[in-house]
């Protein structure tokens with residue numbers, strides 16, 4: 001069902017559009033004057049159009065590109081750059097940027113691993129971890145004995161402790177037998193904390 005107010009509104013819009021079209025276009029609705037002559041004037045053709053003569057196009061040659069200039073040589077007349085290194089990367093004294101010479105030794109005499117020409121590092125240990133006297137950082141020699149001649153369990157090279165207790169159980173006659181028995185009653189070290 002159409003609302004009655006809308007129908008009136010539509011009719012008003014249509015009538016306004018028709019009236020506006022008649023007002024804006026009076027020449028289309030005007031009648032032709034009957035007294036005007038009906039013959040048309042003769043039509044003369046226009047002369048043909050000839051294009052003006054033109055020069056043929058001249059080929060344009062591209063401008064030659066200049067050759068790239070080579071980069072400036074960073075090495076001066078003495079053969080060293082601004083930082084003091086030659087083309088091989090070594091300074092005037094023969095050391096590279098990392099501080100090593102052609103033999104791989106730095107200014108202090110140590111190689112890239114940190115060991116000197118004598119085979120010891122700056123802490124005094126060789127590649128096996130022993131110092132010049134033959135002891136490691138825990139004070140034991142290559143056989144595992146300390147400065148006093150005892151291993152880490154307290155036995156000397158002959159197999160006896162400082163109290164005379166034997167590893168095998170056959171103690172020396174002058175051994176401290178009470179200390180030896182107390183030592184045997186202890187649990188052997190297992191390496192665990194419990």
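Within the group 118, 141, 136, 147, which residue is over 29 Å from residue 165 (Cβ atoms), assigned to a loop (DSSP other than H, G, I, E, B) and over 37 Å from the mean Cα position of the chain (by Cα)?
Unique residue meeting the criteria: 118.
Between a first residue in region 18-32 that is at pLDDT below 55 and a second residue that is in a helix (DSSP H, G or I), which pairs have beta carbons less than 9 Å apart while being 6 or more apart in sequence or on different chains? Every condition considered, the pairs that remain are 29/22.
So if I check each of 82, 101, which one is surrounded by 10 or more Cβ atoms within 10 Å (Cβ to Cβ) and either more than 30 Å from residue 138 (Cα to Cα) or in contact with a helix residue (DSSP H, G or I) (Cβ under 9 Å, 6 or more places away or on another chain) (or both)? Criteria check complete, one pass: 101. Considering only region 130-139, I want to know if a residue exists there that is farther than 30 Å from residue 183 by Cβ and exposed (fewer than 12 other Cβ atoms within 10 Å of the Cβ). The answer is yes, given that some residue of region 130-139 is farther than 30 Å from residue 183 by Cβ and exposed (fewer than 12 other Cβ atoms within 10 Å of the Cβ). Within region 45-56, not a single residue is at pLDDT 90 or above and more than 30 Å from residue 121 (Cβ to Cβ).
Would you check which residues across region 85-96 are farther than 18 Å from residue 73 by Cα, surrounded by 11 or more Cβ atoms within 10 Å (Cβ to Cβ) and out of contact with any strand residue (DSSP E or B) (no Cβ under 9 Å at 6 or more places or on another chain) and list them? Within region 85-96, 92, 94 qualify.
The values are calculated or read from the model by the stated rules, or taken from the named source; none is laboratory data. None of these values were measured; they are calculated from a predicted model. Quick reminder, even Gly has a Cβ in these numbers, built from the backbone with ideal geometry, and neighbours come from all protein chains shown.
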